[in-house]
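Worksheet: one structure, shown below.
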Amino acid sequence: MAQKTAEIFDLQGKATGKIDLPAVFSTPIRPDVIKRAVLAIQSNRIQPQGRDPMAGKKTTAESRGTGSGISRVPRMKGGGRAALAPFTVKGRQTHPPRAEKIIVKNIPKKEAKLALTSAIAATAQKEYVTGRGHRIDAVVGLPLVVDNAFEGLTKAQEVEDVFSKLGFDAEFTRVRESRNVRAGKGKHRGRKMKQAVGPLIVVADGKSLINAASNLSGVQVTTVTNLNTEMLAPGTHPGRLTVWTNGAIEKLATLYGESA
């Protein structure tokens, strides 16, 4: 099979050369495996819950049975207040969360690696990227590889200008227009606003770029070594619009070059 290549673009949006893509970009795309891997990652963030097994049961309440002209709910001795039953004041819960419940989903290492390499390959497929809702009509190419000078940017305005020259104006408009108030009680729990997911920038080592792009809506920056399946497939859907630096592609070849 012929070696795949991609054009390298400078900060002005002009092609300056080509780079051989590592074999990982030829990995078969497996949405089912990607979904399992993302759910496994998300399950590790769930906070375990549990209740005291005796909660609501520390009472003298007992049912008085029939014949008294009152309901048969348990009532406290020395008084008539109902207790213990699930629907009574300070009674036990009907089906409380159990601390021993297993909430973490595990996935084999080989399957997790296949999910990651498959998600990487999906970033180069137009049908998967557009299927997620990204607007890429003006984007210069997929996979989008930018010169290493991109990692040296220190200001958010500089990063935004580069994105504009690479054809991301429509994508950023989509992200900004999607921002709205969340429906339901989640708005009272520290997550009032929600918005669409924007581009992902993968760098070899760009600490300054991570700080510079932190204020851009929907943009996320990560290094190749910290890349995971959820970043590449938010919500379990592969094909996130991804920008790779030249150095990131070279490092990707050393890490996952034999995956395809």
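The values are calculated or read from the model by the stated rules, or taken from the named source; none is laboratory data. All values derive from a computational prediction rather than experimental measurement. Every residue, glycine among them, receives a Cβ derived from its backbone with ideal geometry; neighbour counts consider all protein chains shown.
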From GLU171, GLU177, grab the single residue that is touching a His at 6+ places or on another chain (Cβ under 8 Å) and modelled with pLDDT of 95 or more.
GLU171
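A quick yes/no check of all residues on (1) without any contact (Cβ under 8 Å) to a residue 24 or more places away in the chain; (2) outside the structural domain of ALA248 (by TED's automatic domain parsing); (3) within 29 Å of LYS113 (Cα to Cα):
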{"position": "LYS18", "(1), (2), (3)": "yes, no, yes"}
{"position": "LEU21", "(1), (2), (3)": "no, no, yes"}
{"position": "VAL38", "(1), (2), (3)": "no, yes, yes"}
{"position": "GLU62", "(1), (2), (3)": "yes, yes, no"}
{"position": "ILE70", "(1), (2), (3)": "yes, yes, no"}
{"position": "VAL73", "(1), (2), (3)": "yes, yes, no"}
{"position": "GLY78", "(1), (2), (3)": "yes, yes, no"}
{"position": "LEU84", "(1), (2), (3)": "no, yes, no"}
{"position": "VAL89", "(1), (2), (3)": "yes, yes, no"}
Being out of contact with any Ser or Thr (no Cβ under 7 Å at 6 or more places or on another chain), of a type outside the set (D, E, K, R), assigned to a loop (DSSP other than H, G, I, E, B) and without any contact (Cβ under 8 Å) to a residue 12 or more places away in the chain narrows it down to one residue among ALA183, ALA138; which is it?
ALA183
Need pairs with beta-carbon distance below 6 Å; first residue in the same structural domain as ASP20 (by TED's automatic domain parsing) and within the stretch 103-128, second assigned to a loop (DSSP other than H, G, I, E, B) and hydroxyl-bearing (Ser, Thr, Tyr); sequence gap 6+ or separate chains.
THR117/THR27; THR117/SER259; SER118/THR27; ALA121/THR27
If you go through the stretch 43-54 one residue at a time, do you hit one that is surrounded by 11 or more Cβ atoms within 10 Å (Cβ to Cβ) and closer than 15 Å to THR229 by Cβ?
yes
Which numbered condition VAL203 misses (of (1) within 25 Å of VAL33 (Cβ to Cβ); (2) touching an Asp or Glu at 6+ places or on another chain (Cβ under 9 Å); (3) surrounded by 22 or more Cβ atoms within 10 Å (Cβ to Cβ)):
(1)
Whichever residue in the stretch 49-68 is of a type in the set (Lys, Arg) and under 26 Å from PRO97 (Cα atoms) and, among such residues, is modelled with the lowest pLDDT
ARG51
Among (1) at pLDDT 95 or above; (2) surrounded by 19 or more Cβ atoms within 10 Å (Cβ to Cβ); (3) within 30 Å of LEU114 (Cβ to Cβ); (4) of a type in the set (A, V, I, L, M), there is one condition ALA213 misses while meeting the rest; what is its number?
(1)
Of residues in the stretch 93-125 being of a type in the set (Val, Ile, Thr) and either at pLDDT below 95 or over 21 Å from THR223 (Cβ atoms) (or both), the one farthest from the chain's Cα centre (by Cα)
THR94
Within the stretch 239-257, is there a residue that is in a helix (DSSP H, G or I), closer than 23 Å to GLU7 by Cα and of a type in the set (D, E, K, R)?
yes
Filtered residue count, the stretch 211-240, keeping only those that are more than 16 Å from the chain's Cα centre (by Cα) and free of Cβ contacts under 8 Å to residues at least 12 places away in the same chain:
0
